[in-house]
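Notes for the one structure printed next.
The values are calculated or read from the model by the stated rules, or taken from the named source; none is laboratory data. From a predicted model like this one, the values you see are computed outputs, not experimental measurements. Here the Cβ is made from the backbone with ideal geometry for all residues, glycine too, and neighbour counts use every protein chain on show.
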């Protein structure tokens with residue numbers, strides 16, 4: 001079959017090949033089958049089986065999640081398809097409190113008998129583990145909310161777009177980079193649809209349809225003579241959107257900045273072409289002189305710094321020690337919050353947690369404990385004012401309700417505290433990026449996510465990026481390479497000197513944030529406008545071996 | 001029970017292939033039984049168990065490949081999976097890099113299965129965790145840990161007569177023990193095929209000791225130091241090296257193994273002459289399967305000998321392009337060491353830093369394999385041949401390639417995760433900033 005014929009095929013034509021092993025319980029499906037729906041009344045009937053068995057066996061609380069997790073991944077490399085896979089993972093997870101202790105069990109056999117058996121197992125596990133318990137679980141009250149539905153507001157379901165059309169777009173992006181002199185290019189498109197049904201003994205029955213999408217690529221340029229190579233990744237963001245994200249809109253341009261950026265529409269073809277030029281330019285770019293610089297950080301870069309230094313440090317389970325053996329704990333101990341005057345950053349720093357933001361990866365109607373999505377301040381005028389909590393933690397902060405931060409990455413994973421969208425608020429006053437750059441005498445403008453590392457209590461971090469530009473006397477004068485900056489979280493956020501207004505506000509996202517043992521992934525967005533940080537330590541990362 | 005014997009798996013796969021009408025067909029069957037307990041603040045937080053088995057079938061027409069997977073094993077389901085993969089293969093684009101399947105191969109009998117691990121049940125798991133928690137409580141410390149054990153099998157049969165089977169067990173354990181004030185923290189982790197080699201109690205005692213001795217850390221200036229890396233710390237860094245031993249990336253000019261002007265560093269002295277690296281599926285301390293994904297036998301392979309790069313791995317496709325024999329990349333890595341004990345290494349150090357482990361390690365520059373990350377859970381200052389006091393954690397920026405050129409001494413090799421590695425004494429290790437994290 002010729003490529004042209006292949007590209008004409010609809011979604012019906014493909015299953016999978018040559019991708020890595022499937023996750024446990026997932027199976028390859030016909031992409032067309034992703035469009036099938038499971039009847040909500042059937043899910044309610046099945047959920048009630050679990051709730052009734054749990055109550056009859058002495059559970060003081062139970063919740064059921066019937067989940068159908070659809071995942072489509074397309075991977076290409078230069079002129080060929082490297083992998084293409086549609087999978088479905090379908091099953092039921094039941095969580096109970098018995099003898100004051102949590103128990104959990106799951107089954108991929110979605111029928112009444114197996115659900116009843118799994119519920120009994122969850123209760124047996126709860127009772128068995130009660131001997132290791134130090135104090136009984138205390139759940140924040142959550143009134144039953146009856147039958148509810150919520151769906152990501154998408155314009156075009158990515159799973160309805162023929163696979164051939166999506167493959168063609170990626171191969172065209174690759175060609176676009178190759179035409180501009182790239183030596184290698186890989187591109188990927190990740191699409192996720194979580195069809196989640198939640199029910200609890202509180203009297204909540206919530207049906208949700210959540211979509212996420214992430215187009216991305218890496219372009220490589222090689223200089224054989226010097227033996228050097230450089231890469232440039234795409235300047236897209238993973239989004240809580242449909243396929244409309246890939247319909248090019250107007251690019252976002254900033255006066256005096258030699259990079260084309262994108263807001264809620266992404267032009268992969270144009271970005272791939274520019275990426276090839278950037279990768280080649282990077283090879284010959286000036287290697288940075290280490291020292292103190294003012295940094296002007298684009299939202300597509302700053303989002304990761306927010307994620308690591310603000311997002312993770314304000315997770316209450318970390319503060320309490322539950323992640324000590326893996327992700328770590330947090331420097332934002334409860335006494336700092338209780339003091340009401342812990343100076344996290346200067347007064348320009350205002351950070352909100354928000355599970356309602358349209359287009360974001362963390363947007364839902366309800367969390368995986370049936371708690372309605374909300375929005376709250378985490379850092380207010382530079383002061384630590386709140387954390388991220390779930391139902392069994394809320395009492396620790398004296399809250400009378402959970403903040404709705406519970407999430408499980410699958411029906412067979414136990415839900416636990418995960419990060420909501422954590423975003424830096426833009427300047428309330430009019431402030432343009434171009435004017436901010438004019439104020440910088442000696443600085444570096446950074447775009448895109450690069451290397452990242454932070455300690456287990458979230459004090460000391462180091463970040464790289466995709467593109468670095470030297471700012472000299474208020475003007476961008478050329479590209480730099482070998483740049484990474486190191487700082488301490490509190491010092492860094494106190495060094496924020498300026499931030500652009502909402503016209504510049506954009507979402508950064510991370511699709512596979514890992515936490516927990518066994519590890520679970522979650523997806524979360526971080527919005528911000530471009531911000532200016534004074535006197536940050538920059539190191540040179542170039543080495544010769 | 002998701003664990004099939006060699007004969008049971010063979011019977012199912014033979015039946016699967018009997019339904020095939022494609023040019024080539026390969027079927028893989030795998031299953032795992034696993035269980036885990038997670039704990040924190042000296043109490044169990046979650047516990048789980050899972051049993052899974054799945055079959056995947058790939059059918060090929062020419063260079064067109066289609067695959068399907070199922071988790072039901074009645075005859076009708078098996079037949080449907082084959083038909084589905086054939087349907088998909090007919091409609092798929094050609095894979096220009098497709099390689100015809102291998103015929104029958106001969107494999108060594110692997111050592112990856114241990115009855116002691118397969119016998120672990122929920123009660124044994126709970127006891128293993130209870131011992132760890134008790135070790136912390138005895139010292140008025142707080143433990144957080146994770147214990148996971150699994151038994152699995154993997155079998156593969158193709159239409160050219162190849163049949164491969166492997167059964168394996170694994171148990172992995174990690175624990176962080178902290179003092180109640182939050183001023184000291186210790187950690188240990190390891191994994192074994194044979195659970196009789198794992199003691200959660202003795203490992204927890206080591207972590208508890210570190211939690212106590214690391215309390216009250218002082219700050220010293222970042223800079224270049226002689227470091228003594230415990231096996232865990234050494235494995236955290238050297239584990240990155242083998243990723244660069246792929247011949248294709250090196251030939252294409254996009255790895256630290258690529259050479260200026262083109263070509264690769266094969267045959268070059270890339271490390272100190274005391275450094276050798278090999279893999280050996282039959283090493284009893286680090287056994288691995290004796291065949292890899294597409295059925296090539298895995299044999300003992302020398303990657304580095306006395307500091308010289310001896311082999312790069314070649315996929316079957318890339319080997320055919322280059323006219324050489326394919327050489328699978330390895331699972332597990334073995335670095336022979338010397339005779340010094342950790343104590344000997346400390347005694348011979350005038351001024352240096354003892355590192356328990358590293359954390360949050362990320363690649364900064366793939367051209368030099370420059371990595372960044374931090375020390376964690378026990379970092380100590382050494383002067384005049386003795387540990388003087390605990391010190392605050394450092395961020396490092398260092399390449400393991402450069403590090404293995406700065407070798408002062410190697411101790412006795414031991415298992416750390418999937419690596420057999422000695423404790424290492426390294427000069428001029430680059431710490432770039434201080435961290436307040438404990």
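A few comments on the model shown:
- The range A:180-202: number of residues that are touching a helix residue (DSSP H, G or I) at 6+ places or on another chain (Cβ under 7 Å) and under 30 Å from residue A:228 (Cβ atoms): 6
- Screening residue A:412 on (1) in a loop (DSSP other than H, G, I, E, B); (2) at pLDDT 95 or above; (3) within 12 Å of chain B (Cβ to nearest Cβ) shows it passes everything except condition (2).
Every residue, every condition in (1) at pLDDT below 95; (2) surrounded by fewer than 19 Cβ atoms within 10 Å (Cβ to Cβ); (3) under 17 Å from residue B:389 (Cα atoms), yes or no:
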| position | (1), (2), (3) |
| --- | --- |
| B:172 | no, yes, no |
| B:185 | no, no, yes |
| B:194 | no, no, no |
| B:200 | no, no, no |
| B:209 | no, yes, yes |
| B:219 | no, yes, yes |
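- Helices (runs of 4 or more DSSP H) contained in the range B:191-303 and holding at least 3 residues closer than 29 Å to residue B:315 by Cβ and within 14 Å of chain A (Cβ to nearest Cβ): B:247-251
One line per residue, one yes/no per condition, for (1) in a strand (DSSP E or B); (2) touching a residue at least 24 places away in the same chain (Cβ under 8 Å); (3) surrounded by 14 or more Cβ atoms within 10 Å (Cβ to Cβ):
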{"site": "B:111", "(1), (2), (3)": "no, yes, yes"}
{"site": "B:120", "(1), (2), (3)": "no, yes, yes"}
{"site": "B:123", "(1), (2), (3)": "no, no, no"}
{"site": "B:131", "(1), (2), (3)": "no, yes, yes"}
{"site": "B:136", "(1), (2), (3)": "no, yes, yes"}
{"site": "B:142", "(1), (2), (3)": "yes, yes, yes"}
{"site": "B:146", "(1), (2), (3)": "yes, yes, yes"}
{"site": "B:150", "(1), (2), (3)": "yes, yes, yes"}
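- With respect to being more than 14 Å from chain A (Cβ to nearest Cβ) and free of Cβ contacts under 8 Å to residues at least 60 places away in the same chain, residue B:347 fits the description.
- Residues located in the range B:374-395, provided they are on the phi > 0 side of the Ramachandran plot and crowded, with 22+ Cβ neighbours inside 10 Å: B:377, B:378
- When residues in the range A:432-469 are screened for being within 14 Å of chain B (Cβ to nearest Cβ) and part of a loop (DSSP other than H, G, I, E, B), 11 of them pass.
- Test: residue A:199 is buried (at least 20 other Cβ atoms within 10 Å of the Cβ), in contact (Cβ under 8 Å) with a residue 60 or more places away in the chain and within 14 Å of chain B (Cβ to nearest Cβ): no
- Filtered residue count, the range A:224-252, keeping only those that are away from chain B (no Cβ under 14 Å) and either out of contact with any strand residue (DSSP E or B) (no Cβ under 8 Å at 6 or more places or on another chain) or at pLDDT 95 or above (or both): 18
- Hits in the range A:135-149 - residues which are in contact (Cβ under 8 Å) with a residue 40 or more places away in the chain and either part of a loop (DSSP other than H, G, I, E, B) or not assigned by TED's automatic domain parsing to the domain that holds residue A:102 (or both): A:137, A:138, A:139, A:140, A:141, A:142, A:143, A:144, A:145
- Residue that is modelled with the lowest pLDDT, among those in the range B:7-64 that are part of a strand (DSSP E or B) and out of contact with any strand residue (DSSP E or B) (no Cβ under 8 Å at 6 or more places or on another chain): B:43
- Being assigned by TED's automatic domain parsing to the domain that holds residue B:42, farther than 22 Å from residue B:435 by Cα, out of contact with any strand residue (DSSP E or B) (no Cβ under 7 Å at 6 or more places or on another chain) and free of Cβ contacts under 8 Å to residues at least 40 places away in the same chain is true of residue B:202.
- In the range A:99-125, the residues that are within 31 Å of the chain's Cα centre (by Cα) and at the interface with chain B (Cβ under 9 Å from one of its Cβ atoms): A:101, A:102, A:103, A:104, A:105, A:106, A:108
- Looking only at the range A:456-497, and only at residues there that are touching a helix residue (DSSP H, G or I) at 6+ places or on another chain (Cβ under 6 Å) and surrounded by fewer than 20 Cβ atoms within 10 Å (Cβ to Cβ), the one that is nearest to residue A:426 (Cα to Cα): A:474
- Residue under evaluation residue A:451, criteria (1) within 30 Å of residue B:377 (Cβ to Cβ); (2) buried (at least 20 other Cβ atoms within 10 Å of the Cβ), criterion not met: (2)
- The range B:356-368, residues that are at the interface with chain A (Cβ under 7 Å from one of its Cβ atoms) and over 18 Å from the mean Cα position of the chain (by Cα): B:364, B:365, B:367, B:368
- Output for the range B:43-71, where each listed residue is more than 7 Å from every other protein chain (Cβ to nearest Cβ) and under 20 Å from residue A:519 (Cα atoms): B:49, B:51
- Here A:75, A:50, A:33 are screened, and the one residue that is more than 14 Å from chain B (Cβ to nearest Cβ) and modelled with pLDDT of 70 or more is A:50.
- So residue B:428, is it more than 25 Å from the chain's Cα centre (by Cα), farther than 29 Å from residue B:179 by Cα and in a strand (DSSP E or B): yes
- For the range B:370-397, residues that are facing chain A (nearest Cβ under 7 Å) and not in a strand (DSSP E or B) total 1.
- Test: residue A:181 is within 11 Å of another protein chain (Cβ to nearest Cβ) and either part of a strand (DSSP E or B) or in contact (Cβ under 8 Å) with a residue 24 or more places away in the chain (or both): no
- Evaluation of residue B:177 against (1) in a strand (DSSP E or B); (2) surrounded by fewer than 22 Cβ atoms within 10 Å (Cβ to Cβ); (3) within 12 Å of another protein chain (Cβ to nearest Cβ) (one fails), failing number: (2)
- Test for residue B:82: is it farther than 21 Å from residue A:85 by Cβ, more than 7 Å from chain A (Cβ to nearest Cβ) and crowded, with 21+ Cβ neighbours inside 10 Å: no
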